[in-house]
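Visitor: Before I ask anything, here is the structure I am working with.
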Amino acid sequence: MEFAELIKTPRVDNVVLHRPFYPAVEGTLCLTGHHLILSSRQDNTEELWLLHSNIDAIDKRFVGSLGTIIIKCKDFRIIQLDIPGMEECLNIASSIEALSTLDSVTLMYPFFYRPMFEVMEDGWHSFLPEQEFELYSSATSEWRLSYVNKEFAVCPSYPPTVIVPKSIDDEALRKVAAFRHGGRFPVLSYYHKKNGMVIMRSGQPLTGTNGRRCKEDEKLINATLRAGKRGYLIDTRSLNVAQQARAKGGGFEQEAHYPQWRRIHKSIERYHVLQESLIKLVEACNEQTHNMDRWLGRLEASNWLTHIKEILTTACLAAQCIDREGASVLIHGTEGTDSTLQVTSLAQIILEPRSRTIRGFEALIEREWLQAGHPFQQRCAQSAYCSSKQKWEAPVFLLFLDCVWQILRQFPCSFEFNEHFLIMLFEHAYASQFGTFLGNNESERCKLKLQQKTMSLWSWVNRPSELSKFTNPLFEANNLVIWPSVAPQSLQLWEGIFLRWSRSSKYLDEAYEEMVNIIEYNKELQAKVNILRRQLAELETEDGLRESP
């Protein structure tokens, strides 16, 4: 298919652009295969370059021969284009609709994007499982790398390389995979060096109504326990939902077969419930005519902060089991690709200082989201505005980022990255020139040949010129476990995401710049103090030598 077939009117003059915080600007609107571009050809006027993949929905209005297209973006921005001529307006609208809903992944912009910057690091090879395993292997010899999933034959949503107990061979792993939803047998998610406890993750066991069991599964899970120790099974479904799953062939671990494990059910919502929550929240944030009661009522009715609380509470529970109880943990829901990953990754941010650094957080996203099989292509296909809701969309990754922001806000000096870093990841998960978030798992990315045909997001982010934008000036390395408060009073609406297009951040940005300047000035003064102290010490030494006979 040629993009030209979808572009009925490639260019229209005298189009007026309206967008948040900018004056209206008149210019020429151009449509390319991947971008909507408006250029005013005026000096000092910022052009609009909008990826079609960032467009969630469009509305059309007509007054006489003047047409208006309202573009609603996946990053929650709303843009208005006033287009002279009804035919041109209809052509532009139908082209945008076609170009923003391309069926083939290989027609998306990452396959056509060519970087204008010097590539200093191949992000596709920055966070390989072998490199992550080396970090653990110095502390323990009880785990091994398994290549049982080479060619993705055992589990289509796992990477080819996983970390499993050394005492369990590959043949046993194949049997366990047949007993777990989607072949997702328990694998290592995190090793706590302080006490040797671990977090594992998997899909639900396929016990069914007959209480089916798998000896190899029991052996694998028990291999993570120390002598005389108990473990915790955290199921991210309510007991009722877990019991209902048995009728469909799923289920949960029976106490009789896993006597050393205590099962805890912590209900975390998924799928359409989360999508509807996001839609209600964005609607509330965009409405300008609120009185206080109505605003607070709509915020509460969205249940967004309730979902944040549920996820953070479960992550804190997992972290407490590891650090305070000295017990290992296995986490799963149904598939093990959504709420499971929210909990395992947030528990690591609480427990592991490395996960609070920029590269450590990137490694966490690679390991616990991309390689672990979170279906980004399905979950992020649509955002808060699209009316044709499909079954698989859900803001699972955005909820995770929001939870990280809540912890960052409570511990502003413990994270090397800032809020802009989290916002950037949200934007690229939904629409990007990079191939990192394309596909639903490693198997699909392999078939698409993303490493050969697209650029990794990390290749761009980890350049010094970009890193400086995402670095937290308040950061001081904190090697302690951090315990966030999950009390309702401690959780706040993430204004940087949900209110950034309806409320100017000008004064907050100015305050942030002033803070950075004060910190830099303080460092300069500290350096001068250190020099003066050295000079004083040298003078005192010289005086001492002179006075000695």
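The values are calculated or read from the model by the stated rules, or taken from the named source; none is laboratory data. Quantities reported herein were computed from a predicted structural model and do not represent experimental measurements. So basically every Cβ, Gly included, is an ideal-geometry build from the backbone, and we count neighbours across all protein chains shown. Note: accessible area is taken over every heavy atom of the protein model, side chains too, but ligands, DNA and RNA are not part of it. Shrake-Rupley method; radii C 1.70, N 1.55, O 1.52, S 1.80 Å.
Visitor: How far is the Cα center of segment 292-311 from the Cα center of segment 413-474, in Å?
Guide: So the separation of the two Cα centres works out to 29 Å.
Visitor: Could you sort out which of K72/K280; K150/K449; K8/K72; K193/K266 sit more than 18 Å apart by Cα distance in this structure?
Guide: The pairs that break the limit, which is 18 Å between Cα atoms, are K8/K72; K193/K266.
Visitor: Order the following by accessible area, largest value first: R41, R503. Probe radius 1.4 Å; ligands, DNA and RNA are ignored.
Guide: I get R41, R503, largest accessible area first.
Visitor: Let me ask another. Accessible area of E520, 1.4 Å probe, to the nearest 10 Å²?
Guide: Roughly 90 Å² of E520 is accessible to a 1.4 Å probe.
Visitor: If you take the square roots of the eigenvalues of the alpha-carbon gyration tensor of segment 124-165 and sort them as a ≥ b ≥ c, do you get rounded (a/c under 1.5), prolate (a/b over b/c) or oblate?
Guide: oblate
Visitor: If you don't mind, another one. Can you check what the net charge comes to around D75, using other residues whose Cβ is under 13 Å from the Cβ of D75 (Lys, Arg +1; Asp, Glu -1)?
Guide: +3
Visitor: Could you state how much accessible area K194 has, in square angstrom rounded to the nearest 10, with a 1.4 Å probe and all protein chains kept in place?
Guide: Roll a 1.4 Å probe over it and K194 shows about 140 Å².
Visitor: Need the list of lysines near K194 for cross-linking: C-alpha distance under 19 angstrom, and skip anything on the same chain fewer than eight residues off.
Guide: Answer for K194, where 19 Å is the Cα cut-off: K229, listed by chain and number.
Visitor: Would you tally the net charge around E118, using a Cβ to Cβ cut-off of less than 15 Å, leaving E118 out, and scoring K and R as +1, D and E as -1?
Guide: Cβ neighbours under 15 Å give a net charge of -1.
Visitor: For segment 95-162, what does the alpha-carbon gyration tensor say about shape, rounded, prolate or oblate, given a ≥ b ≥ c as the root eigenvalues, a/c under 1.5 as rounded, and a/b over b/c as prolate?
Guide: oblate
Visitor: Could you state the number of Å between the C-alpha centres of segment 363-384 and segment 175-238?
Guide: 22
Visitor: Select from the chain the helices, each a whole stretch of DSSP H, whose alpha-carbon atoms run 27 Å or more along the helix axis and whose Kyte-Doolittle mean is at least 0.5; answer none if there are none.
Guide: Flagged H segments are 304-323.
Visitor: Can you send over the solvent-accessible area of V396, 1.4 Å probe, protein chains only, in Å² to the nearest 10?
Guide: Its accessible surface works out to 0 Å², give or take rounding.
Visitor: Using only the Cα atoms of segment 61-105, build the gyration tensor, take square roots of its eigenvalues as a ≥ b ≥ c, and label the shape rounded, prolate or oblate: rounded if a/c is under 1.5, else prolate if a/b is larger than b/c, else oblate.
Guide: oblate
Visitor: All other residues with a Cβ under 11 Å from the Cβ of P165 taken together, and with Lys, Arg as +1 and Asp, Glu as -1, what is their net charge?
Guide: So the environment of P165 carries a net charge of +1.
Visitor: With the contact rule set at Cα under 8 Å and sequence spacing of 6 or more, what percent relative contact order holds for the chain?
Guide: So the answer I get is 15 percent.
Visitor: Can you give the accessible area per residue of the chain, in Å², using a 1.4 Å probe?
Guide: Solvent-accessible surface per residue comes out at 46 Å².
Visitor: Using +1 on the beta carbon of Lys and Arg, -1 on that of Asp and Glu, and nothing else charged, what's the dipole of the chain about the Cα centre, debye to 20?
Guide: Magnitude of the dipole: close to 2200 debye.
Visitor: Also, quick follow-up: Could you work out the helix-only [θ] at 222 nm for the chain, with each DSSP H run of four or more residues adding -39,500 (n - 2.57) and the total divided by the number of residues, to the nearest 500 deg cm²/dmol?
Guide: Rounded to the nearest 500, it is -12000 deg cm²/dmol.
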